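S.K.: Here it is: the structure, laid out below.
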Amino acid sequence: MDSAHSFGDIPLLGFGAMRLPCGENGEIDQQQVNAMVDEYLAAGFKYFDTAYYYHNVCSEGALKKALSDRYDRNAFLLADKMPLTIIKTHEDYLPVFNAQLERAGVEWFDFYLLHNITREQIALTEQKGGFEFVRRMKEEGRIRHIGLSTHDTAEALDGILTRHPEIEFVQLQINYLDWENESVQSRLCYETARRHGKPVIVMEPVRGGALAQIPQQARQMQLELNPDASAASYAIRFAASLEGVFMVLSGMSNMEQLRDNISYMKNFVPLSEAEKSMLFRAKDIILQSMLVPCTGCRYCTDGCPMGINIPALFAAVNECRLSPLADYAALYDKACERHGQPKDCIGCAQCERVCPQHINIIQQLQGIRR
């Protein structure tokens, strides 16, 4: 399947709505979101990605206020996802889907995904009629293109695509840090999707921001090739340079990030061989400096009975590893403010069961102290 023929000519940079700008109270800064959306659309881009869970079920509504309340429906493309973990029976799909359409303020989704499907969920999703449901919504014109996102192995992805050739595209975690990672399997999953002829959407190209702030030794290697290019630009261009990738999502949290992304994606130039070689050398340096491979997706926090802000704690640890000048005590205190502390963990492992990065969270928390 050729992505250009299937989906039309879509600019490569997608606006990911999982890390929208927020105020000090944690609520979405709608005014800033609107301004960012305006600038993004004015630059010629049009693809927005949201999901049921994002921003505590507020992301879809934020995009309604920024997009469907202010722009003609044909001015943008909107992707949303079916939250498989809350589906108990086949009767649950339609109410959830209708609620998403209402929250987003639209009559159809251009792209709709079975969200974070795993080998454990495949049989259940089939049993509950999930694949039949999205096919029916497509037939009714309420979905234009159906796909799936996954953080599972290449073997699991191969099984799903073999059983369900009706899937039109796949959304995968791809970045140069995880390209050969045995758990994430970026390269293997990408190659599996391509072998099945599926166009690819890339999520986490900057690995939750980890590839925007890299160790100085690795950053110096980038600067030697191009003193004006940001660290994030190399990460996003790596993903966008792969054959068959038709969309790279960037979870932009402020106008500065948006403008940086636009600066090199508006007139996109693929990575040179020298740049690719440099990135894989830089990867080894980055891996040595990272303590916890957390992307800040926050899937782990929703069900934590002790209310531990796991991503914030891991971010504090990682920032101090990357920057000797970081104030660990302040970062730790902020992560624990109105939340549980690492010592409060009861070892229930609900966080580990949903972690896309397969982190040994319980063990990592045991090593975090004030």
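S.K.: Given a 1.4 Å probe and every protein chain left where it sits, what share in percent of the accessible area of the stretch 208-251 is carbon and sulfur?
M.R.: Solvent-exposed carbon and sulfur of the stretch 208-251 make up 43 percent of the total.
S.K.: Another one. Given an 8 Å cut-off on Cα distances and at least 6 residues of separation, report the relative contact order of the stretch 130-228 as a percent.
M.R.: Relative CO of the stretch 130-228 lands at 23 percent.
S.K.: Also, I was wondering about something else. With each label point set 7 Å from Cα along the Cα-Cβ vector, what nm distance links Ala99 and Gln366?
M.R.: It is 3.7 nm.
S.K.: Going by average Cβ density within 10 Å per residue, which order do the peptides 172-178, 121-127 take, highest to lowest?
M.R.: The most tightly packed comes first, giving 172-178, 121-127.
S.K.: Suppose the Debye formula is applied to equal point scatterers at every Cα of the stretch 45-111; what is log10 I(q)/I(0) at q = 0.21, 0.22, 0.24, 0.27 Å⁻¹?
M.R.: Log10 of I(q)/I(0), two decimals: -0.82, -0.89, -1.04, -1.25.
S.K.: Right, something else. Rounded, prolate or oblate for the chain? Axes are the square roots of the Cα gyration tensor eigenvalues, ordered a ≥ b ≥ c, and the cut-off for rounded is a/c under 1.5.
M.R.: Judged from the Cα gyration tensor, the chain comes out rounded (a/c under 1.5).
S.K.: Determine the sum of side-chain charges near Glu60: Lys and Arg each +1, Asp and Glu each -1, restricted to other residues whose C-beta is under 13 angstrom from that of Glu60.
M.R.: Neighbourhood net charge equals 0.
S.K.: Here's another thing I want to ask about it. Mind checking Rg over Rh on the stretch 91-169, alpha carbons, Kirkwood formula for Rh?
M.R.: Radius of gyration over Kirkwood radius for the stretch 91-169 works out to 0.97.
S.K.: Once neighbouring chains are kept in place and the probe is 1.4 Å, which whole percent of the accessible area of the stretch 1-154 is contributed by carbon and sulfur?
M.R.: On the stretch 1-154, the fraction of accessible area on carbon and sulfur atoms equals 48 percent.
S.K.: Would you mind checking Lys138/Lys266; Lys46/Lys81; Lys46/Lys266; Lys81/Lys128; Lys88/Lys343; Lys88/Lys198 for any pair whose Cα atoms are more than 22 angstrom apart?
M.R.: Lys138/Lys266; Lys88/Lys343; Lys88/Lys198
S.K.: Please give the charge dipole size of the chain, origin at the Cα centre, charges +1 on K and R Cβ atoms and -1 on D and E Cβ atoms. Round to the nearest 20 debye.
M.R.: Here the size comes out at about 340 debye.
S.K.: Given bins 5 angstrom wide, list per bin the percent of all Cα-Cα distances in the stretch 221-305, short to long.
M.R.: With a bin width of 5 Å, the distribution comes to 3, 11, 20, 20, 20, 15, 6, 4, 2, 0.
S.K.: Which order, highest average first, do 327-333, 308-314 follow once you tally other Cβ atoms within 10 Å for each residue and take the mean per peptide?
M.R.: For the peptides 327-333, 308-314, the packing ranking is 308-314, 327-333.
S.K.: Follow-up. Any idea of the accessible area per residue across the stretch 308-370, 1.4 Å probe, to the nearest Å²?
M.R.: Result: 57 Å² per residue.
S.K.: Can I ask one more? Can you list, bin by bin at 5 Å, the percent of alpha carbon pairs in the stretch 254-302, starting at 0?
M.R.: That works out to 4, 14, 12, 14, 21, 23, 9, 3, 0, in percent per bin.
S.K.: Using the Cα atoms of the stretch 157-296, I'd like the radius of gyration and the largest Cα-Cα distance, Dmax, both in angstrom.
M.R.: Using the Cα atoms of the stretch 157-296, the pair Rg, Dmax is 15.2, 48 Å.
S.K.: Are there cysteines in the chain with no other Cys C-beta under 4.7 Å, and if so, which?
M.R.: Cys22, Cys58, Cys189, Cys294, Cys297, Cys304, Cys320, Cys336, Cys345, Cys348, Cys355 - these cysteines have no disulfide-compatible partner (Cβ-Cβ under 4.7 Å) in the chain.
S.K.: Cβ under 10 Å from Asp80's Cβ, Asp80 left aside: what net charge do those residues give with Lys, Arg +1 and Asp, Glu -1?
M.R.: Once positives and negatives cancel, what remains is -1.
S.K.: Then there's this: Share of antiparallel DSSP beta bridges in the chain, in percent to the nearest 5?
M.R.: Within the chain, antiparallel bridges account for around 5 percent of the total.
S.K.: Could you tell me what percent of the DSSP beta bridges with both partners in the stretch 35-148 are antiparallel, to the nearest 5?
M.R.: 0 percent
S.K.: Follow-up. Considering amide H positions built from the backbone, and no H for Pro or chain starts, which residues 5 or more places from Leu113, or on another chain, come under 5 Å of its amide H?
M.R.: Close amide H contacts, sequence-distant or interchain: Asp80, Lys81, Met82, Gly147.
S.K.: Ok, one more. For the stretch 20-25, what does the Karplus curve 6.51 cos²θ - 1.76 cosθ + 1.60, with θ = phi - 60°, yield as ³J(HN,Hα) per residue in whole Hz, taken in order and with x for Gly and Pro?
M.R.: 5, x, 10, x, 5, 7
S.K.: Any idea what diffusion coefficient the stretch 1-96 gets from Stokes-Einstein, in µm²/s, Kirkwood Rh on alpha carbon pairs, 10 °C, 1.306 mPa s?
M.R.: 107 µm²/s
S.K.: Over the stretch 119-183, give the accessible area per residue in Å² for a 1.4 Å probe, as an integer.
M.R.: Averaged over the residues of the stretch 119-183, the accessible area is 42 Å².
S.K.: Roughly how big is the stretch 100-194's charge dipole about its Cα centre, with Cβ charges of +1 (Lys, Arg) and -1 (Asp, Glu), in debye to the nearest 20?
M.R.: 260 debye
S.K.: If you roll a 1.4 Å probe over the heavy atoms of the protein chains, what accessible area per residue do you get for the stretch 241-306, in Å²?
M.R.: Roughly 48 Å² per residue, with all protein chains present.
The values are calculated or read from the model by the stated rules, or taken from the named source; none is laboratory data. Computed from a prediction, not measured in an experiment: that's the story for all the values here. Because the Cβ atoms are built from the backbone with ideal geometry, glycine has one as well, and the counts that use them run over all protein chains shown. Heads up: the accessible areas ignore ligands, DNA and RNA and are worked out on the full protein's heavy atoms, side chains in. Shrake-Rupley method; radii C 1.70, N 1.55, O 1.52, S 1.80 Å.
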